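Report on one structure; see the data block that follows.
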Amino acid sequence: MPAPLMDTYSPPDLDFVRGDGVWMITDSGERYLDFIAGIAVNALGHNHPALVGALKAQADKLWHTSNMFRVPGQLELAKKYTEHTFADRVFFTNSGTEAIECAIKTARHYFFAKGEPHRYRIITFTGAFHGRSYGAINAGGNPKYLEGFGPQMEGFDQIAFGDHDALHAAVTEETAAILVEPVQGEGGVRAVPDHCLRGLRELCDEKGLLLIYDEVQCGAGRTGKLFAHEWAERAQPDIMAVAKGVGGGFPMGACLTTDAAGEHMKMGTHGSTFGGNPLAMAVGNAVFDELTRPGFLDHVVDVAGFLKQQLHGLADTYPDVVEEVRGRGLLIGLKLKEAVVARDFVASVRDRGLLIGAAGDNVARMAPPLTITEAEARIALDKLDGALKAASQSLKG
Ligand SMILES: *Cc1c(COP(=O)(O)O)cnc(C)c1O
């Protein structure tokens with residue numbers, strides 16, 4: 001990044017100026033097929049008429065009041081979320097990391113209010129990603145994101161993803177909650193099996209812990225259910241952080257809780273100036289209405305099934321490049337062989353006009369708009385085939 005921007009990112013030499021459905025268009029008119037959607041954010045693609053209409057209509061009325069005043073759109077959207085999920089209470093935020101902050105505070109405050117303030121520790125998993133605030137980098141526990149930012153924050157116990165014995169051993173008298181992404185995004189697109197989510201729920205019930213899901217990336221219809229954990233029976237959380245797709249491109253998130261988990265978050269315990277502002281709520285309501293439209297999630301399941309089947313075919317064709325096809329629904333990872341660098345592969349795919357992302361564990365990550373058609377998926381598969389062929393040929397030298 002050229003100064004005066006901080007060097008925190010290294011974007012390619014492209015300037016996107018317009019979006020159209022699943023396409024992004026540069027200043028010179030080149031069209032790219034968007035298979036990353038602002039990292040699972042543009043769930044309905046770009047320039048969706050219902051979202052544009054909702055935002056424009058609200059822009060003509062009232063932008064911001066702060067939470068000093070009631071925001072009607074908050075109540076409307078909170079009602080929708082509570083009717084369609086496990087939750088009874090909602091706190092609106094501007095981002096995923098803020099939704100996680102609210103979730104952590106809510107969990108700790110629950111035990112404080114019950115007279116058990118010594119129960120504040122939260123169990124997390126390797127490969128987790130929960131955002132970039134100080135609380136969230138400590139919850140995520142990734143040494144790369146913690147280094148250089150002072151002492152590590154107390155209160156998080158990270159165990160190896162999938163290590164059941166370590167999980168049980170980690171629960172102590174001080175444990176308040178377990179925090180997990182039902183599908184890890186950043187960490188390499190790894191889905192937690194349904195029976196493991198149920199196991200976590202049972203463990204939390206047995207030990208009196210709160211179960212917190214981070215569905216910032218895997219929620220909002222991404223897996224073909226409104227929220228990813230809904231695939232698993234009897235595995236509902238007490239608290240859930242959402243963001244990314246729920247705003248469809250407008251910065252917005254939320255922390256959802258049951259009555260029991262959220263009832264102690266009283267006046268003064270938490271707040272946000274922008275969270276749930278009228279513009280965000282206008283778009284958030286429009287996104288929700290689209291996601292819950294009859295047949296919408298069925299389409300996600302269908303097109304995801306097609307993509308997955310075709311990607312398995314590509315993995316079989318290029319076993320020297322692809323180690324595994326991972327993920328759930330339209331959150332898909334191609335774990336690449338060690339000899340192939342995910343970032344280089346992403347660049348090669350981009351050169352062919354397809355936008356995807358890299359994730360941890362040497363994974364090429366795909367999270368297209370949920371509105372993609374099978375025909376658009378075929379275009380993406382064709383471009384992926386080209387990049388895989390090139391990678392395979394260069395390995396053969
Ligand atoms: C992106 C992400 C976050 C952080 O969200 P921001 O909006 O970037 O703050 C938290 N958790 C998960 C699982 C994410 O993918």
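Every number in this text was worked out from the coordinates using simple rules, so none of it is lab data. Source: prediction; values computed, not measured. Using ideal geometry, Cβ is built from the backbone for each residue, glycine included, and neighbour counts are taken over all protein chains shown.
Values for this structure:
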{"read-out": "Full-stretch length increase - LYS337, HIS164 - with 0.36 nm per residue and alpha-carbon distance subtracted", "value": "59.6 nm"}
{"read-out": "Listed residue (ALA342, LEU209, GLY276) projecting farthest to the positive dipole end of the chain, Cβ model", "value": "GLY276"}
{"read-out": "Projected-area average for region 28-94 over all orientations - Cα convex hull basis, square nanometres", "value": "7.1"}
{"read-out": "Helix 72-84 vs. the chain, principal-axis angle (Cα, 0 to 90°, nearest 10)", "value": "80"}
{"read-out": "Net charge, ASP289 excluded, C-beta distance under 13 Å - Lys, Arg +1, Asp, Glu -1", "value": "0"}
{"read-out": "15 Å reach of a label modelled at ASP20, 7 Å along Cα-to-Cβ, counting backbone N of region 26-67", "value": "26-34, 46-49"}
{"read-out": "Additional length obtainable on full extension of the chain from MET6 to ALA375, 0.36 nm per residue less Cα span", "value": "128.9 nm"}
{"read-out": "Student exercise, the chain dipole from Lys, Arg, Asp, Glu Cβ charges, in Debye to nearest 20", "value": "500"}
{"read-out": "Inter-label distance for PHE69 and GLN309, nm, one decimal - labels placed 7 Å from Cα along Cα-to-Cβ", "value": "5.4"}
{"read-out": "Computed [θ] at 222 nm, helices only, for the chain once each DSSP H run of length n ≥ 4 contributes -39500 (n - 2.57)", "value": "-11500 deg cm²/dmol"}
{"read-out": "Spin-label pair ASP13/ALA347, simplified geometry with 7 Å Cα→Cβ offset, distance in nm", "value": "1.1"}
{"read-out": "Part-to-part distance (alpha-carbon centres) for region 227-282 and region 81-110, which is given in Å", "value": "4"}
{"read-out": "Kirkwood hydrodynamic radius over Cα pairs of region 50-291, then Stokes diffusion coefficient at 20 °C and 1.002 mPa s, in µm²/s", "value": "118"}
{"read-out": "Rh by Kirkwood over Cα pairs, then Stokes-Einstein D for region 122-176 at 1.567 mPa s and 4 °C, µm²/s", "value": "111"}
{"read-out": "Integer Hz, Karplus 6.51/-1.76/1.60 couplings in order for region 207-212, x for Gly and Pro", "value": "9, x, 9, 9, 9, 10"}
{"read-out": "Charge-dipole axis of the chain as Lys and Arg at +1 and Asp and Glu at -1 on Cβ define it, positive-most pick from PHE111, ALA50, PHE149", "value": "ALA50"}
{"read-out": "Counting DSSP beta bridges with both ends in region 50-291, the antiparallel % (nearest 5)", "value": "40"}
{"read-out": "Antiparallel %, DSSP beta bridges [both residues in region 98-217], to 5", "value": "15"}
{"read-out": "Cysteines, the chain, no other Cys beta-carbon under 4.7 Å", "value": "CYS196, CYS204, CYS218"}
{"read-out": "Residue-span extension gain [LYS396 to ARG198] - 0.36 nm each, minus C-alpha spacing", "value": "66.8 nm"}
{"read-out": "Within-15-Å neighbourhood charge of ALA191 [Cβ basis; K, R +1; D, E -1]", "value": "+1"}
{"read-out": "Gaussian network model of the chain, Cα within-10 Å springs - most flexible of ALA241, ALA57, ALA261", "value": "ALA57"}
{"read-out": "Mean Cβ count within 10 Å, highest first, over the residues of peptides 169-178, 319-328, 199-208", "value": "319-328, 169-178, 199-208"}
{"read-out": "Relative packing of peptides 106-118, 282-294 - highest average C-beta neighbours within 10 Å first", "value": "282-294, 106-118"}
{"read-out": "Kirkwood hydrodynamic radius over Cα pairs of region 148-208, then Stokes diffusion coefficient at 20 °C and 1.002 mPa s, in µm²/s", "value": "163"}
{"read-out": "Residue with peak Gaussian network fluctuation, the chain [Cα springs, cutoff 10 Å], from ALA103, ALA358, ALA387", "value": "ALA387"}
{"read-out": "Modelled label reach - HIS264, point 7 Å along Cα→Cβ, region 205-225 residues with backbone N closer than 19 Å", "value": "205-213"}
{"read-out": "VAL301-GLU233 pseudo-label distance in nm [points 7 Å out on the Cα-to-Cβ vector]", "value": "1.5"}
